[in-house]
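Structure, as structure tokens:
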Amino acid sequence: MAIMKDKILVSEVGPRDGLQNCAGVMPTEIKKQWIQGLFDSGVREIEVGSFVPPKLLPQLADTGEIVAYAGTLPDLTVLALIPNLRGAQNALEAGVDAVTLPLSASETHSMENLRQTHDQVVENVKAIRALLDSVPPDQRPRFEVGVSTAFGCSLEGNVPEDKVLRLSERLVEAGVDELGLSDTTGYAQPLQVKRLIRKVREVAGAERVKSVHLHNTYGLGMANAFSAYEEGIEVFDSSQGGLGGCPASPGASGNIVTEDLVYMFERMGVDTGIDLDRLMACRKFLQAGLPDEELYGFTPNAGLPINFQPSH
Ligand code: ZN
């Protein structure tokens, strides 16, 4: 039986996953204020950007500058997405604490998203491992692969669990430090979340499977997060205001809402280290930087209950 943690880590992905799916481009200065505000409210891991060509994602063209800024905040884990070896080189130069590479369990989605087959991505993973191993251990970023569309794909439909398991085995062999399970499309349901976490931990080792990335397309995001928590998952990706989606997954709505995720855990007495009032106040940076973007979240809409007691 997995052990439920009394403390979990919220990994804020809004500055990457959220912003890349917004039509508008958030000005760099506001992005810095937002990241600073998230940090001040207690967030200790942020996926701040993506090392992809600026032509493809103008919203994230300032990732190098944002990594440098976020790197000045003490005890903040600064994460960036990388699509390939070139991205890993740029991330290394910028000085990130961790890199995350998305690999779609659905090969159709992989072609759409990275224009690479599974074999090609696994070869990339090996090359990235070799690159990271060439730097001293104390400067070496953690290397994660997010297995995306792990619970279903808007292009292929069901994704067989055996496919996810085989890929997980290959990724461990290729040298990843951690594997995250991503519900890119929001197709997951709570019992499936439990089952897949258990199975992937069996083939990859429980110590490598600590995080989930969930979307709220069908309103099951919080149920899935709780399910993962019951399985001992301790890192939860989420996005302030529920920003996000996926360009290669038509119809997929945003990430689970950070404010609601923090509310759920704090309400259960599980420490997130985050001050909800201060967190919700950071929505003002989104409103300033992306005035046309709709923000989601039950907690910000309702306000905190009168008897609300944070866990810390
Ligand atoms: Zn996402």
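The values are calculated or read from the model by the stated rules, or taken from the named source; none is laboratory data. Quick caveat: nothing in here was measured; it's all calculated off a predicted structure. With ideal geometry, Cβ positions are generated from the backbone for all residues, glycine too; neighbour counts draw on all protein chains shown. In case anyone asks, the SASA skips ligands and DNA or RNA and just uses the protein heavy atoms, side chains included. Shrake-Rupley method; radii C 1.70, N 1.55, O 1.52, S 1.80 Å.
Structure data summary
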{"item": "Candidates Glu47, Glu161, Glu12: whichever shows maximal mean-square fluctuation once the chain is modelled as a Gaussian network with Cα springs under 10 Å", "result": "Glu161"}
{"item": "Residue with peak Gaussian network fluctuation, the chain [Cα springs, cutoff 10 Å], from Val25, Val99, Val193", "result": "Val25"}
{"item": "Accessible area (Å², per residue) of the chain, counting only protein heavy atoms and a probe of 1.4 Å", "result": "42"}
{"item": "Residues whose placed amide H lies under 5 Å from that of Leu81, excluding near-sequence neighbours", "result": "Gly49, Ser50, Phe51, Thr100"}
{"item": "Alpha-carbon centroids, segment 72-98 and segment 167-227: separation in whole Å", "result": "22"}
{"item": "Ratio Rg/Rh [Cα only; Rh per Kirkwood] for segment 133-256", "result": "0.98"}
{"item": "Under the Karplus curve 6.51 cos²θ - 1.76 cosθ + 1.60, θ = phi - 60°, whole-Hz ³J(HN,Hα) for segment 5-19, x wherever Gly or Pro sits", "result": "7, 8, 9, 10, 10, 8, 9, 6, 10, x, x, 10, 4, x, 5"}
{"item": "Three-way shape label, segment 53-179, alpha-carbon gyration tensor, a/c 1.5", "result": "prolate"}
{"item": "Computed lengthening from Ile30 to Ala130, 0.36 nm per intervening residue step minus Cα-Cα distance", "result": "32.4 nm"}
{"item": "Relative pair counts by distance (%), Cα atoms of segment 199-298, 10 Å bins", "result": "14, 42, 33, 10, 1"}
{"item": "Cα-projected label distance for Arg86 with Arg166, points at 7 Å along beta-carbon direction, nm", "result": "3.0"}
{"item": "Using alpha carbons only: equivalent-ellipsoid semi-axes of segment 14-100, gyration tensor based, whole Å", "result": "18, 16, 10"}
{"item": "Accessible carbon and sulfur surface of the chain relative to its total accessible area, %, 1.4 Å", "result": "50"}
{"item": "Most fluctuating residue given options Tyr229, Tyr69, Tyr296, as computed from a GNM of the chain linking Cα atoms under 10 Å", "result": "Tyr69"}
{"item": "For Arg142, distant residues with modelled amide H under 5 Å away", "result": "Ala98, Val99"}
{"item": "Intensity falloff of the chain expressed as log10 I(q)/I(0), Debye formula with alpha-carbon point scatterers, at q = 0.12, 0.15 Å⁻¹", "result": "-0.74, -1.22"}
{"item": "19 Å reach of a label modelled at Ala23, 7 Å along Cα-to-Cβ, counting backbone N of segment 276-291", "result": "286-291"}
